[in-house]
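K.L.:
First the structure, which I've put down as structure tokens, then a few questions once you've had a look.
The values are calculated or read from the model by the stated rules, or taken from the named source; none is laboratory data. In this text, all values refer to a predicted model and were calculated from it rather than measured experimentally. Methodologically, a virtual Cβ is constructed for each residue, glycine included, from the backbone with ideal geometry; neighbour enumeration extends over all protein chains shown. SASA here: full protein model, heavy atoms, side chains in, ligands and nucleic acids out. Shrake-Rupley method; radii C 1.70, N 1.55, O 1.52, S 1.80 Å.
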Amino acid sequence: MAMEYEGQICRPPMERASFMLPVAVGCSYNRCIFCTLFKHVSSRLLPMEQIQAELSRVKTLGGNPERVFLGDGNAFGLPTERLLEILDRIHEAFPACREVNMDATVTNIREKSDEELRGLYLGIESGMAKVLRFMKKDHTPEEAYREIGRIREQGFSYNAHLMLGLAGKGNGQKNAEETARFINRT
């Protein structure tokens, strides 16, 4: 029996071919103005038994994916010990797995030690501080610069979500310039 997803499935386009393993429901931050994906669900961890059951189900069906994406919202915000346990279980179930990715916020990175950083998809959205404030993002461009610097210092990779139309009518050029500046700097 397949795992029943609660809410909407959300993963980056680059992860369309990876196996999506839900480890949580919703987003622990869930205050970004533009995002309606998780407003109707309460953020919580899924029981380890449910995660293990899904791994076992896929393995029993002959699955051995090379890439796994942990869902939902910002799975990197889970406690590191729990993430490590999930990674161990993925490795046991899928020996061919060579890559595990998940979403993160800048705040999730700030809350982790250097040793806890791994490959992530960051919800940067815009390089404009004004837009980030208006959208109630949990970071400023300066905080994003600092935390991305930490990721890079550890030799880890990341991908960024950018929403180029987020600044609204009449602000596209400035948003494009400031977001390009952000990309070039990081």
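K.L.:
Could you pull out every one of the strands (runs of 3 or more DSSP E) wholly within region 33-148 that has 1 or more residues that are small (Gly, Ala, Ser) and under 23 Å from LEU164 (Cα atoms)?
P.N.:
Because the criterion is at least 1 residues that are small (Gly, Ala, Ser) and under 23 Å from LEU164 (Cα atoms), the strands (runs of 3 or more DSSP E) in region 33-148 that meet it are 99-104, 120-125.
K.L.:
Then there's this: Confirm whether GLU153 is closer than 20 Å to SER113 by Cα, of a type outside the set (Lys, Arg) and at pLDDT 90 or above. Steps first, please.
P.N.:
Values: closer than 20 Å to SER113 by Cα: yes; of a type outside the set (Lys, Arg): yes; at pLDDT 90 or above: no.
So GLU153 fails the test.
K.L.:
Look through region 133-153, keep the residues that are out of contact with any Lys or Arg (no Cβ under 7 Å at 6 or more places or on another chain) and either small (Gly, Ala, Ser) or loosely packed, with under 14 Cβ neighbours inside 10 Å (or both), and return whichever of them is nearest to CYS35 (Cα to Cα).
P.N.:
So the residue we want is ARG133.
K.L.:
Still on this structure, please answer the following. It is to be established whether one or more residues within region 120-130 are among the small types (Gly, Ala, Ser) and either open to solvent by 20 Å² or more (accessible area, probe 1.4 Å) or free of Cβ contacts under 8 Å to residues at least 12 places away in the same chain (or both). Walk me through it before giving the result.
P.N.:
Start the filter on region 120-130 by keeping residues that are among the small types (Gly, Ala, Ser), which leaves 123, 126-127, 129.
Narrowing further to those that are either open to solvent by 20 Å² or more (accessible area, probe 1.4 Å) or free of Cβ contacts under 8 Å to residues at least 12 places away in the same chain (or both): 129.
Scanning region 120-130 turns up at least one residue that is among the small types (Gly, Ala, Ser) and either open to solvent by 20 Å² or more (accessible area, probe 1.4 Å) or free of Cβ contacts under 8 Å to residues at least 12 places away in the same chain (or both).
K.L.:
Could you tell me whether region 48-67 includes any residue that is of a type in the set (Ser, Thr, Tyr), surrounded by fewer than 16 Cβ atoms within 10 Å (Cβ to Cβ), over 19 Å from ASP138 (Cα atoms) and within 15 Å of the chain's Cα centre (by Cα)?
P.N.:
No, there is no match, as no residue in region 48-67 is of a type in the set (Ser, Thr, Tyr), surrounded by fewer than 16 Cβ atoms within 10 Å (Cβ to Cβ), over 19 Å from ASP138 (Cα atoms) and within 15 Å of the chain's Cα centre (by Cα).
K.L.:
All but one of (1) in contact with a His (Cβ under 9 Å, 6 or more places away or on another chain); (2) farther than 21 Å from ARG11 by Cβ hold for GLU125; which doesn't?
P.N.:
That leaves (2) as the condition not met.
K.L.:
Taking the options LEU70, LEU117, LEU83, name whichever one is in contact with a Phe, Trp or Tyr (Cβ under 7 Å, 6 or more places away or on another chain) and crowded, with 19+ Cβ neighbours inside 10 Å.
P.N.:
Going through LEU70, LEU117, LEU83 in turn, the sole match is LEU117.
K.L.:
So, LEU45, is that one closer than 26 Å to ASP114 by Cα and among the hydrophobic types (A, V, I, L, M, F, W, C) or not? First the steps, then the outcome.
P.N.:
On the way: closer than 26 Å to ASP114 by Cα: yes; among the hydrophobic types (A, V, I, L, M, F, W, C): yes.
Considered against the rule, which asks whether it is closer than 26 Å to ASP114 by Cα and among the hydrophobic types (A, V, I, L, M, F, W, C), LEU45 comes out as yes.
K.L.:
Here's another thing I want to ask about it. If a residue must be open to solvent by 80 Å² or more (accessible area, probe 1.4 Å), assigned to a loop (DSSP other than H, G, I, E, B) and either in contact with a Cys (Cβ under 9 Å, 6 or more places away or on another chain) or at pLDDT 75 or above (or both), how many such residues does region 8-27 contain?
P.N.:
The number of residues fulfilling the criteria is 2.
K.L.:
OK, next. Of the residues in region 165-186, how many are within 30 Å of GLU116 (Cα to Cα) and open to solvent by 70 Å² or more (accessible area, probe 1.4 Å)?
P.N.:
Total meeting the criteria: 4.
K.L.:
Determine, yes or no, whether ASN175 is touching a strand residue (DSSP E or B) at 6+ places or on another chain (Cβ under 6 Å) and among the polar types (S, T, N, Q).
P.N.:
no
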